[in-house]
Amino acid sequence: MKKLIKYILNTFPRPFLQRVADWMVPIVGLLYVGRGKECPLCGTRRRKFLPYGYVSTRENALCPNCLALERHRLMWLWLERESNLKNLPTILHIAPEVAIKHKLRKLYAEHPERYVTADLESPLADMHFDVQQIPLSEESFDVIFANHLLEHVEDDRRAMRELFRVMRHGGWGIMLSPVELDRAETFEDDTITDPEERTRIFGQYDHRRIYGRDYAERLREAGFEVEELDYVKSFSAEEQLKYALRQEILYIVRKP
């Protein structure tokens with residue numbers, strides 16, 4: 001299963017996978033019927049979750065029902081327990097994760113205009129634009145989610161400034177990226193163009209950089225206040241196993 005999923009991720013275009021994953025993955029998930037793991041987004045229980053990864057495959061990563069990965073489960077637990085989502089703030093969700101998008105669509109069912117999804121090319125998004133030049137007016141949204149996006153962008157600092165621009169004062173967001181905490185500074189090299197070499201070095205063929213501990217500082221340079229939250233530590237060892245969480249810093253940004 002590990003080799004098959006790795007092959008699929010590295011072979012088929014992302015828009016195609018986004019179209020078929022919703023029905024294909026749950027079929028595969030029938031092989032894992034049982035108890036042991038529980039997804040906090042959809043409530044599905046399985047004896048284990050599916051493996052996932054473009055280069056290094058992670059066990060118990062992908063929920064076979066709603067497609068939530070570890071970071072999505074951690075993010076949703078924070079949103080449920082710590083945020084003001086129940087007040088229905090206006091949300092811009094860029095590169096929308098399927099599992100979280102489904103939850104928010106239900107939450108905003110009576111006010112769909114307050115939840116907007118966007119992407120450069122995803123067929124799942126409401127709007128399509130380059131995050132480096134967002135075609136929206138200043139201070140348009142209370143909340144912005146832009147996760148595992150900035151490592152793909154040519155000029156990430158410009159994209160961060162654009163995200164800051166369209167967030168309202170007093171607004172907040174979650175902006176996760178793959179960050180190597182043992183690396184002090186972000187590494188990027190646009191002279192590496194071979195897809196296989198980019199996958200080997202950056203972890204994915206379409207990544208442009210590996211963020212280091214300076215990721216939060218880059219967000220601050222754009223104007224954000226940044227909270228670096230190791231939220232996994234708020235859960236017991238049993239909960240971490242049940243929800244199949246792994247250590248990942250939540251980067252929570254606010255616009256003063």
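Screening Arg209, Arg198 for residues that are farther than 21 Å from Ile100 by Cβ, surrounded by 15 or more Cβ atoms within 10 Å (Cβ to Cβ) and either more than 19 Å from the chain's Cα centre (by Cα) or not assigned by TED's automatic domain parsing to the domain that holds Pro96 (or both) leaves exactly one candidate, Arg198. Arg73 meets the conditions (1) at pLDDT 95 or above; (2) under 21 Å from Tyr243 (Cα atoms); (3) more than 17 Å from the chain's Cα centre (by Cα) in every case but one. The failed one is (3). Residue selection: Arg183 fails the criterion of being out of contact with any helix residue (DSSP H, G or I) (no Cβ under 7 Å at 6 or more places or on another chain) and more than 17 Å from Glu217 (Cβ to Cβ).
Of the residues that sit in segment 186-195 and are in a loop (DSSP other than H, G, I, E, B) and surrounded by 12 or more Cβ atoms within 10 Å (Cβ to Cβ), which one is farthest from the chain's Cα centre (by Cα)? The extreme case among them is Ile192.
Number of residues in segment 133-150 that are of a type in the set (S, T, N, Q) and either crowded, with 17+ Cβ neighbours inside 10 Å or in a strand (DSSP E or B) (or both): the value is 1. Does at least one position in segment 228-249 carry a residue that is surrounded by 15 or more Cβ atoms within 10 Å (Cβ to Cβ), over 22 Å from Ala61 (Cα atoms) and modelled with pLDDT of 95 or more? No, segment 228-249 has no match at all. Between Gly223, Gly173, the distinction of being surrounded by 17 or more Cβ atoms within 10 Å (Cβ to Cβ) and of a type in the set (Gly, Ala, Ser) belongs to Gly173 only.
Considering every residue within segment 98-111, establish whether at least one is of a type in the set (Ser, Thr, Tyr) and at pLDDT 95 or above. Yes: one or more hits. From the list Leu136, Leu104, Leu181, Leu88, the one residue that fits, being of a type in the set (A, V, I, L, M), closer than 26 Å to Gln247 by Cα and touching a Leu at 6+ places or on another chain (Cβ under 9 Å), is Leu104. Looking across segment 48-98, the residues that are part of a loop (DSSP other than H, G, I, E, B) and within 21 Å of Gly203 (Cα to Cα) come down to Gly53, Tyr54, Val55, Ser56, Thr57, Leu67, Ala68, Leu69, Ala95, Pro96, Glu97.
The values are calculated or read from the model by the stated rules, or taken from the named source; none is laboratory data. As the structure is a computational prediction, the values presented were derived from the model and not from experiment. Don't worry about glycine lacking a Cβ; one is built from the backbone with ideal geometry, like all the others, and counts go over all protein chains shown.
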